[in-house]
1. Counting C-alpha atoms alone, how compact is the stretch 85-193: give Rg to one decimal and Dmax as a whole number, in angstrom.
2. In the P(r) worked out for the chain, what percent of Cα pairs fall beyond 34 Å?
3. Shape call for the stretch 272-324 from the C-alpha gyration tensor, a ≥ b ≥ c root eigenvalues: rounded (a/c under 1.5), prolate (a/b greater than b/c) or oblate?
4. Given the Cα-Cα distance of L40 and D266 and 0.36 nm per residue of separation, how much length would full extension add, in nm?
5. In the calculated pair distance distribution of the stretch 136-268, what percentage of Cα-Cα distances lie above 24 Å?
6. Please name whichever of S155, N257, T6 sits farthest to the positive end of the charge dipole of the chain, dipole taken about the Cα centre and charges placed at Cβ: Lys and Arg +1, Asp and Glu -1.
7. Residue farthest toward the positive end of the dipole of the stretch 1-144, with Cβ of Lys/Arg at +1 and Asp/Glu at -1: which of G22, A124, A81?
8. Please tell me the relative contact order of the chain in percent, rounded to the nearest whole number, where contacts are Cα pairs under 8 Å and at least six residues apart.
Amino acid sequence: MTYLVTGGAGFIGSAVVRFLMGQRQGRVVNLDALTYAGNLDSLESVSASPRYAFEHVDIRDAAGVRSVFERHRPTYVIHLAAESHVDRSIDQPGDFVSTNVQGTFIMLSEARRFWQGLAADAAARFRFLHVSTDEVFGSLGATGHFTETSPYDPSSPYAATKAASDHLVRAWQRTYGLPALVTNCSNNYGPYQFPEKLIPLVILNALEGKPLPVYGKGENVRDWLHVEDHAAALAAVLERGRVGETYAVSGENERRNIDVVQAICDLVDEMRPDPAIPSRRALIRFVADRPGHDLRYAIDAGKVRFELGWRPSRTFEDGLRETVRWYLENRRWWERVRSGVYRGERLGLGVGA
């Protein structure tokens with residue numbers, strides 16, 4: 001087996017690479033353009049293995065992608081490469097259209113070319129797994145859950161481009177027979193997450209005594225999934241899922257944003273007490289909401305649980321405690337990240353657009 005993971009230096013991608021290297025016997029090829037959120041430091045634990053290979057290629061580079069297919073001849077493709085931060089999509093939507101839509105088109109085109117040239121037995125084994133988000137479904141009210149059949153109603157440029165890529169994958173499966181599957185996941189958290197996202201940003205700001213910005217009144221609800229549980233779910237879908245199907249993946253951990261922020265404050269207080277700041281909750285600052293901010297996300301993960309036997313291995317409380325501890329103990333990793341293009345500034349004001 002050879003696994004080709006696009007975006008393998010990113011947050012979810014690196015977790016998938018580490019999972020495959022630890023839990024599977026095949027070769028793992030990491031294709032990544034190393035944009036601002038790509039970080040090979042996240043793969044130090046596996047980078048020396050002869051079973052691992054890194055290809056510095058942009059998914060928008062058709063010739064580069066074709067070369068990777070021809071040289072590594074993957075059994076499985078796990079397509080994670082994408083621009084992924086909602087706030088950045090508000091500021092720079094063109095980057096999201098280019099990478100998430102055009103890049104996925106190129107990946108599908110080259111995967112189809114490669115698959116159609118395989119011998120019958122290899123073609124029967126080949127799979128293309130496209131990893132997407134619950135944000136394509138828009139916003140829920142106070143009740144209900146997204147499922148695999150929920151209608152698409154994206155609110156942000158990011159969500160719209162992921163919706164477009166989902167549609168492309170399904171079209172390639174139905175029109176050309178490409179053996180593809182789609183997953184839509186809830187919000188991920190865990191180690192190695194780029195610090196523009198809510199949980200790592202709050203951890204680091206709380207540690208350093210900086211203001212903790214919370215959109216609106218913090219009432220928006222997200223459904224949290226530990227990234228390592230997500231990696232295990234993707235392996236289950238890839239190996240046991242039915243071609244042409246969609247699987248919704250969730251930790252089924254709904255929390256208001258303000259509750260998540262307050263829980264992080266309490267954990268940082270416990271693990272790194274600071275006499276100058278008796279309670280990090282005092283650092284919370286409510287800021288103007290971002291445009292098109294969805295109220296609530298929640299996923300019914302019954303299909304992947306009952307059909308494929310996957311279940312998350314940790315509660316949100318345990319996972320959050322592990323995550324806070326990881327950031328406190330891995331200063332070198334996040335200091336190197338923050339020495340680059342992102343230093344914790346407010347994004348999503350639409351300035352670039």
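Quick note: the coordinates plus some simple rules give every number you see, no bench work behind them. As the structure is a prediction and not an experimental result, all values here were calculated from the model. Here the Cβ is made from the backbone with ideal geometry for all residues, glycine too, and neighbour counts use every protein chain on show.
1. Over the stretch 85-193's Cα set, Rg and Dmax evaluate to 15.6, 51 Å.
2. On the way: 13481 of 62128 pairs.
When all Cα pairs of the chain are counted, 22 percent exceed 34 Å.
3. Details: a/c = 5.74, a/b = 1.55, b/c = 3.71.
Cα axes put the stretch 272-324 in the oblate bin.
4. On the way: separation 226, 0.36 × 226 = 81.36 nm, distance 3.12 nm.
This chain segment gains 78.2 nm when fully extended.
5. It works out to 39 percent of all Cα pairs.
6. Going by the Cα projections, it comes out as T6.
7. Among G22, A124, A81, the one farthest towards the positive end of the dipole of the stretch 1-144 is A124.
8. Result for the chain is 19 percent.
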